[in-house]
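The values are calculated or read from the model by the stated rules, or taken from the named source; none is laboratory data. Everything numeric in this text was worked out from a predicted model, so none of it was measured. Don't worry about glycine lacking a Cβ; one is built from the backbone with ideal geometry, like all the others, and counts go over all protein chains shown.
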There are 4 protein chains.
Amino acid sequence: MTSHKKILIIDTGGTFNKVYNPISGELEIDKTSSAIKKIASKWLCKFEVINIIGKDSLEITQKDRDIFLNSIKETQHSHIIVIHGTDTMDISASYLAENKLAKYIVFTGAMVPYSIDTVEATANLASAYGYLQALDNHGIYIAMNGAMGSYDMVLKDRVKGCFRIL
Amino acid sequence: MTSHKKILIIDTGGTFNKVYNPISGELEIDKTSSAIKKIASKWLCKFEVINIIGKDSLEITQKDRDIFLNSIKETQHSHIIVIHGTDTMDISASYLAENKLAKYIVFTGAMVPYSIDTVEATANLASAYGYLQALDNHGIYIAMNGAMGSYDMVLKDRVKGCFRIL
Amino acid sequence: MTSHKKILIIDTGGTFNKVYNPISGELEIDKTSSAIKKIASKWLCKFEVINIIGKDSLEITQKDRDIFLNSIKETQHSHIIVIHGTDTMDISASYLAENKLAKYIVFTGAMVPYSIDTVEATANLASAYGYLQALDNHGIYIAMNGAMGSYDMVLKDRVKGCFRIL
Amino acid sequence: MTSHKKILIIDTGGTFNKVYNPISGELEIDKTSSAIKKIASKWLCKFEVINIIGKDSLEITQKDRDIFLNSIKETQHSHIIVIHGTDTMDISASYLAENKLAKYIVFTGAMVPYSIDTVEATANLASAYGYLQALDNHGIYIAMNGAMGSYDMVLKDRVKGCFRIL
């Protein structure tokens, strides 16, 4: 149990990665995973990251989810963190669950962009990382706002603006 | 495994809690756990915290460790995070290990105060939190800088200034 | 010249005051001047502030400008900083200039919200404050991005995303 | 008055420039003016900076002050900001004043290092910058915590931990 697992982070975009564009005045998704790289640099560790889709989760299509599923099937990693927008995190997680993969997969993301306030995004990613290190059953999980468990047990509370255990 | 554990945070001081005093020009240990409270507020969750000792870990005495051990024996919580200075984290962890407690205890802390840069302290605490949620064997563990495992497997590298797996 | 002037800050909204709403996922204008209050608290000084209009400057109407002009005519303060959105800062400044007020008025604002990155907004406000303390001719001025001078000499460069001296 | 002055920043060290060293656990003076460079980058402007002395102001010697005076006499700039530690800012300012230079010189610094909290250091520097742009009498000035004026009128309140007008 104390052996250290190699973890792959698949970064699909979402609020976690939004940055302010001073020219347009809009928040845009950074597709270079710079938030994850900054966390690794400050946490004094290294992450293996791939960046796909790069969308707000409301814009993710079924075609995107197929690309996403393939990237998970193709990687040799069995321990995977998925950074995903919060609005359809449950849909992508359900879709993976239907495919009964022999992997340990933890979804996370953020209610507030890392670029606006570092704490929630950092805590979500790090808690997913810690959870994944100790998990001993294959499955699809969500770790958000200190709530973590099977993907169908951790839900977004759209009124309070955070995730909670069912 | 997906049931959510109640976690107690025992905050003993250390770099994690240091704040700048503009009058003295020195870093001092905040004994009100304000860093932990800020993380909880921004992570959109709640922590149960007790604050004891309140020292730089180089100044922790055997008497402090006895107080610390008693506080762990007395609490009804079986899942505990200990915030501790990094220099003697291994000594306090070994001392608890000798006492063969039927508990799940994860030590963490920070190389950089939360008040100076939020990311490392937040990531250490959140990874300890995630790790503790999924652990299924009693024991004493350390979670620092993305390295986590049994307390005797995760060591401070005093040259590089971070913790690493042995 | 070294006598300290009493300064009024009139906060009309704009990017300076935008904050992230995690429920809507949008940036919204905070109408409580909390950014200015935070700067005063950290700068260890006090500001006198009134908050009017509370709009993105693209949405400011002529009626808003009349309210704005009246608030300047009515106040007994002769030294005034105006926080204003950057897109129509020049229009509101010109409108005041036409009214030939016997006052010292410095417009400022921000390209990046204080809530996203504190530095530019803080520097703009503080430079306006310093400039206003030493000014000795009535007039309408702009202080942005280290450029400061008469309102018709400091312009927004919409390609580079900053203000520059003409 | 609205013509833009070229300003030289002479950075002599002090709290403004302190950074945390995670290996030693101490705050040290950064001698590369990285705080000033970050402010320029985020303020979207450029500064001309020279770095001398690099000390906590309690450690500045008369020999250091002579080097400092010479650097001011030798530069062709007439408009100069001096970043200086707060404890002996008044002594260095008095020493310059005795030398009756035909220059405009504004001292500033910080009660809290830029690396710990950006706002006060940024506001002090930017207010000095704005003040210097509009000054029209030669002299030695201090701009700290929103108080600005002749060097003998702006004093450090060692109890409250900030500068105030006499």
Fill in the blank from the handout: Checked against (1) away from chain A (no Cβ under 14 Å); (2) modelled with pLDDT under 95, B:Asp136 satisfies every condition except (1)
Exercise for the section: Determine which single condition C:Ile50 fails, assuming it passes every other condition in (1) assigned to a loop (DSSP other than H, G, I, E, B); (2) more than 29 Å from A:Lys18 (Cβ to Cβ). Expected result: (1)
Handout entry: Identity of the residue in region B:148-166, at the interface with another protein chain (Cβ under 7 Å from one of its Cβ atoms) and more than 13 Å from the chain's Cα centre (by Cα), that ends up nearest to A:Trp43 (Cα to Cα)
Key = B:Cys162
Handout entry: Candidate set: region D:1-44, residues that are without any contact (Cβ under 8 Å) to a residue 12 or more places away in the chain, buried (at least 19 other Cβ atoms within 10 Å of the Cβ) and of a type in the set (A, V, I, L, M); chosen: the one farthest from D:Asn145 (Cα to Cα)
Key = D:Leu44
Exercise for the section: Report yes if some residue within region D:65-86 is within 14 Å of chain C (Cβ to nearest Cβ) and closer than 15 Å to C:Ala126 by Cβ; otherwise report no. Expected result: yes
Practice task
Take region A:1-20 and flag every residue that is part of a strand (DSSP E or B) and not hydroxyl-bearing (Ser, Thr, Tyr).
Solution key: A:Ile7, A:Leu8, A:Ile9, A:Ile10, A:Asp11, A:Gly13, A:Lys18, A:Val19
Exercise for the section: Would you point out which residue out of B:Ala97, B:Ala110, B:Ala128, B:Ala121 is part of a loop (DSSP other than H, G, I, E, B) and either at the interface with chain A (Cβ under 7 Å from one of its Cβ atoms) or over 14 Å from A:Gly130 (Cβ atoms) (or both)? Expected result: B:Ala110
Exercise for the section: Can you confirm whether region B:63-75 contains a residue that is buried (at least 19 other Cβ atoms within 10 Å of the Cβ) and part of a strand (DSSP E or B)? Expected result: no
